[in-house]
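Below is one structure, written out as structure tokens; the observations come after it.
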There are 2 protein chains.
Amino acid sequence: MSGTMWTDTIIAVDWGTTNRRAYRLNPDGRCEAEFEDAKGITGVEAGAFPAAIAEIRDRLGDHPLLMAGMIGSNRGWVEVPYVHCPAGADDLAGHLIFIEEERAAIVPGLSFLGENRADVMRGEEVQLFGAVAAGLVPPDCLVCHPGTHNKWAMLKGGRVTRFRTIMTGELFSLLQNRSILADWLDTPVEPGEAFDKGVAQGLRGDALTAELFGVRAGVLLGRLEQAHAASFTSGLLIGADLRTGLSDATSGTEIIVMGRPELTHLYAAGLERCGRSAREVDGERAFIAGIRQIAGNIR
Amino acid sequence: MSGTMWTDTIIAVDWGTTNRRAYRLNPDGRCEAEFEDAKGITGVEAGAFPAAIAEIRDRLGDHPLLMAGMIGSNRGWVEVPYVHCPAGADDLAGHLIFIEEERAAIVPGLSFLGENRADVMRGEEVQLFGAVAAGLVPPDCLVCHPGTHNKWAMLKGGRVTRFRTIMTGELFSLLQNRSILADWLDTPVEPGEAFDKGVAQGLRGDALTAELFGVRAGVLLGRLEQAHAASFTSGLLIGADLRTGLSDATSGTEIIVMGRPELTHLYAAGLERCGRSAREVDGERAFIAGIRQIAGNIR
């Protein structure tokens, strides 16, 4: 299969569960046009994926197309087998699944099989390798990638050696939308005293499922201001998250927080509370670099 | 106010968030008739509570009525102030809020204010004191009361000295109905190998929010059978719950698990996994005894 065309203009799609973002990348790797909409995989009916990519090409041009994320999951278009860790960028390029010959492919996710635990990711791997390729992160570091499911990934020599997923974002969203705490979690989450207090409690890791109910009791009994409940609860979950993520990090490990700025900001604040500084990296830039790199390796 | 009538036939209502159970109790305290329906406090419109109790009397007779549970919360009919711990059965009787003079009252809940935490309960307190009064539990013991929000209550001399709430039931329900794990959590939860494995992990208390995502990864990568995912996840949450609850219990403390038999059964299995035996007590019997006791103390 000739890969020449993949070094011309291409379209990159970050196709998640509830949203998709598509970018037209010129041969230099710069993004010329983009859009985001709510047609995540759960918003596309079975059999409607060909139409869904035709629509992307209508908007961004008739170019070769590389897709990553939940589009390759058992709930997506075609299930693409995971590449096992340790894995590097070349492993992704070598295990693409082509939907249209030479014209459209899905990037595989990564899996980790440890002695006592297993883990999977789909989508973040493109950002991880892209960030290294673009020099946004060093080849050896610990990356925290907050989102619906936060990923802590250990990079060694630019390869992902292991990673761990934490359900922080999804749990906060369930609590905010559906739980007995829902009425009090609709205020914006902000770093500050209440957030810090939550982080400190979460870091102790004593009793998360008790401390979550403690938010309700605290507000009812006047120990926690209702306006601070969301920040405190987010801090509690992020503190528990940091506790697990940092358990992997020796003191010299450089920590990077990558993803959407509003989330990396909160995690960086939490890390500061632990006495660890962290550099924030924009996940979108890393994604574009990652797709460009994979496209350049298609042979 | 004359309390004589409260020693005659009365109606007891356990009025929760999503359900209510009503019992007609004869002067001996025996339940002669009962019903349960979905008219929990969220199923009754503002202003419709008088009609909702008229309906109870249509079905069970025109008797004095004692209500307990979320009916006394800020989302219920009338907000009844909490009685602070340590508290006994007489404190409940002394702080009823009468809706109809001498004819209908709401039992207060309990609150606990510790140095570092606060807690509240509404409804379980009637069962706790009722269980002591009926000789179902000893006056000194640790009671685990599983439900949407599990309560661990320490009884000393028949009084509740402190308690702690854990959001186990609600979290399991959110995960089962709304999370990325939802598809795999609709099988029955049963004690057994997968449940025990979950309990053991939850007891270690390392990383609950990571281990929950581990259920998804484990099934996808063939480490956990899909049919066992619900039992394992329930075990994980119950293990974390027991870890917190037992942190209060010295080795000699007798442990009682009280509530609905399908839940007490699971917690008893989890406790056995920790090397602690627990006696199971039916919560409904304790509720009836508790209401009868409060009614008998109305002066």
Number of the exception - A:L175 against (1) more than 16 Å from the chain's Cα centre (by Cα); (2) at negative phi; (3) more than 9 Å from chain B (Cβ to nearest Cβ): (3)
Any strands (runs of 3 or more DSSP E) falling wholly within the stretch B:1-60 and containing at least 2 residues that are at pLDDT below 95 and more than 25 Å from B:S73 (Cα to Cα): none
Residue within the stretch A:185-201 that is within 26 Å of A:G16 (Cα to Cα), surrounded by 20 or more Cβ atoms within 10 Å (Cβ to Cβ) and touching a residue at least 12 places away in the same chain (Cβ under 8 Å) present: yes
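For every residue, the table says whether it meets (1) within 23 Å of A:L271 (Cα to Cα); (2) among the small types (G, A, S); (3) within 18 Å of the chain's Cα centre (by Cα).
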| residue | (1), (2), (3) |
| --- | --- |
| A:G147 | yes, yes, yes |
| A:K156 | yes, no, no |
| A:T161 | yes, no, yes |
| A:I166 | yes, no, yes |
| A:G169 | yes, yes, yes |
| A:L181 | no, no, no |
Qualifying residue in the stretch B:244-262 (condition: touching a residue at least 60 places away in the same chain (Cβ under 8 Å), assigned to a helix (DSSP H, G or I) and within 13 Å of chain A (Cβ to nearest Cβ)): yes
Count of the stretch B:93-117 residues which are of a type in the set (A, V, I, L, M), closer than 20 Å to B:K156 by Cβ and surrounded by fewer than 23 Cβ atoms within 10 Å (Cβ to Cβ): 2
Among the candidates B:G114, B:G130, B:G109, residue that is touching a strand residue (DSSP E or B) at 6+ places or on another chain (Cβ under 6 Å), among the small types (G, A, S) and either within 20 Å of B:I256 (Cα to Cα) or not assigned by TED's automatic domain parsing to the domain that holds B:L212 (or both): B:G109
Test: residue in the stretch A:103-120 that is at pLDDT below 95 and away from chain B (no Cβ under 12 Å): yes
Residues located in the stretch B:156-168, provided they are more than 7 Å from every other protein chain (Cβ to nearest Cβ) and buried (at least 19 other Cβ atoms within 10 Å of the Cβ): B:R159, B:V160, B:F163
Complete set of residues in the stretch B:21-56 that are free of Cβ contacts under 8 Å to residues at least 40 places away in the same chain and touching a strand residue (DSSP E or B) at 6+ places or on another chain (Cβ under 7 Å): B:A22, B:R24, B:N26, B:E32, B:A33, B:E34, B:F35, B:E36, B:D37, B:K39, B:G40, B:I41
Top-ranked residue of the stretch A:254-289 - restricted to ones that are surrounded by fewer than 16 Cβ atoms within 10 Å (Cβ to Cβ) and more than 30 Å from A:V13 (Cβ to Cβ), ranked as modelled with the highest pLDDT: A:E272
Residue under evaluation A:A68, criteria (1) at pLDDT 95 or above; (2) touching a Gly at 6+ places or on another chain (Cβ under 9 Å); (3) within 14 Å of chain B (Cβ to nearest Cβ), criterion not met: (3)
Flag for B:S231 being away from every other protein chain (no Cβ under 14 Å), free of Cβ contacts under 8 Å to residues at least 60 places away in the same chain, polar (S, T, N, Q) and part of a helix (DSSP H, G or I): yes
Subset of the stretch A:272-291 (residues that are in a helix (DSSP H, G or I) and under 18 Å from the mean Cα position of the chain (by Cα)): A:G283, A:E284, A:R285, A:A286, A:F287, A:I288, A:A289, A:G290, A:I291
Hits in the stretch B:189-226 (condition: of a type in the set (V, I, T) and facing chain A (nearest Cβ under 7 Å)): B:T209
Subset of the stretch A:216-242 that is surrounded by fewer than 22 Cβ atoms within 10 Å (Cβ to Cβ) and charged (D, E, K, R) - its residue that is farthest from A:L155 (Cα to Cα): A:R223
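The rows are residues; the columns are (1) modelled with pLDDT under 95; (2) more than 13 Å from B:A230 (Cα to Cα).
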position: B:R164; (1), (2): no, yes
position: B:F172; (1), (2): no, no
position: B:R178; (1), (2): yes, yes
position: B:L181; (1), (2): no, no
position: B:L185; (1), (2): no, no
position: B:P191; (1), (2): no, no
position: B:Q201; (1), (2): no, yes
position: B:R204; (1), (2): yes, yes
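The values are calculated or read from the model by the stated rules, or taken from the named source; none is laboratory data. All values reported here derive from a predicted model rather than from experimental measurement. A quick note on method: Cβ atoms are made from the backbone with ideal geometry, for glycine too, and the neighbour counts reach across all protein chains shown.
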